[in-house]
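To start, the structure under review is shown below, and the notes come after it.
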Amino acid sequence: MNDTFRELKDRIRKLDALLALRGVSSNLLFAQALSQLHRLEKRGDRSREPTPEVRALLEKVEGLGRAMQ
C-alpha cells in the first residue's frame, strides 16, 4: 500500500469514528456517502494513487461530517 492510500484510509477511519459516535440516524446522507466511499476504496488499486472519483467523494463525505459536528 502506498503512502497516499494509507492517508486515505486514515481519513476514512476518522469518518467511521464520527459515524459511530453520531449514529446513522443523525445523518443518513453522510452514512450513505461513507458507505459508497468504502465500496470505491475497496475496489481501488492500493499500489496506485486513489482515483479522482475516490478523492472527490472523500471530500464530499468530509464536508458532510463537518456539517454534523
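How many residues does the stretch 14-45 contain that are within 17 Å of ASN2 (Cβ to Cβ) and either modelled with pLDDT of 95 or more or of a type in the set (A, V, I, L, M) (or both)? So that I can check it myself, show each step before the final result.
First, the residues of the stretch 14-45 that are within 17 Å of ASN2 (Cβ to Cβ): 40-45.
Next, only the ones that are either modelled with pLDDT of 95 or more or of a type in the set (A, V, I, L, M) (or both) stay: 40.
The qualifying residues number 1.
Examine the stretch 46-62 for a residue that is under 19 Å from PHE5 (Cα atoms), of a type in the set (Lys, Arg) and loosely packed, with under 13 Cβ neighbours inside 10 Å, and state whether such a residue exists.
The initial filter retains those residues of the stretch 46-62 that are under 19 Å from PHE5 (Cα atoms), namely 46-62.
With the extra rule that they be of a type in the set (Lys, Arg), the set shrinks to 46, 48, 55, 60.
From what's left, loosely packed, with under 13 Cβ neighbours inside 10 Å: 48.
Yes, the stretch 46-62 has at least one match.
Kindly indicate whether any position in the stretch 10-29 is among the acidic types (Asp, Glu) and without any contact (Cβ under 8 Å) to a residue 24 or more places away in the chain. Please lay out each step first, then the result.
Initially, the stretch 10-29 is screened for residues among the acidic types (Asp, Glu), giving 10, 16.
If we keep only those that are without any contact (Cβ under 8 Å) to a residue 24 or more places away in the chain as well, we get 10, 16.
Checking the stretch 10-29: at least one residue is among the acidic types (Asp, Glu) and without any contact (Cβ under 8 Å) to a residue 24 or more places away in the chain.
Going through the stretch 17-34 one residue at a time, which ones are exposed (fewer than 13 other Cβ atoms within 10 Å of the Cβ) and in a helix (DSSP H, G or I)? Give the steps one after another, and end with the answer.
First pass over the stretch 17-34, keeping only residues exposed (fewer than 13 other Cβ atoms within 10 Å of the Cβ): 17, 20-21, 23, 25-26, 28-29.
Answer for the stretch 17-34, where residues must be exposed (fewer than 13 other Cβ atoms within 10 Å of the Cβ) and in a helix (DSSP H, G or I): ALA17, ALA20, LEU21, SER25, SER26, LEU28, LEU29.
Could you list, in sequence order, all residues of the stretch 22-62 that are of a type outside the set (A, V, I, L, M, F, W, C), under 14 Å from the mean Cα position of the chain (by Cα) and more than 19 Å from LYS9 (Cβ to Cβ)?
Looking only at the stretch 22-62, we keep the residues that are of a type outside the set (A, V, I, L, M, F, W, C), and these are 22-23, 25-27, 32, 35-36, 38-39, 41-53, 55, 59-60, 62.
Subset that is under 14 Å from the mean Cα position of the chain (by Cα): 32, 35-36, 38-39, 41-44, 50-53, 55, 59-60, 62.
Passing the criteria: only GLN32.
The values are calculated or read from the model by the stated rules, or taken from the named source; none is laboratory data. Because the structure is predicted, anything quoted here is derived from the model rather than measured. Because the Cβ atoms are built from the backbone with ideal geometry, glycine has one as well, and the counts that use them run over all protein chains shown.
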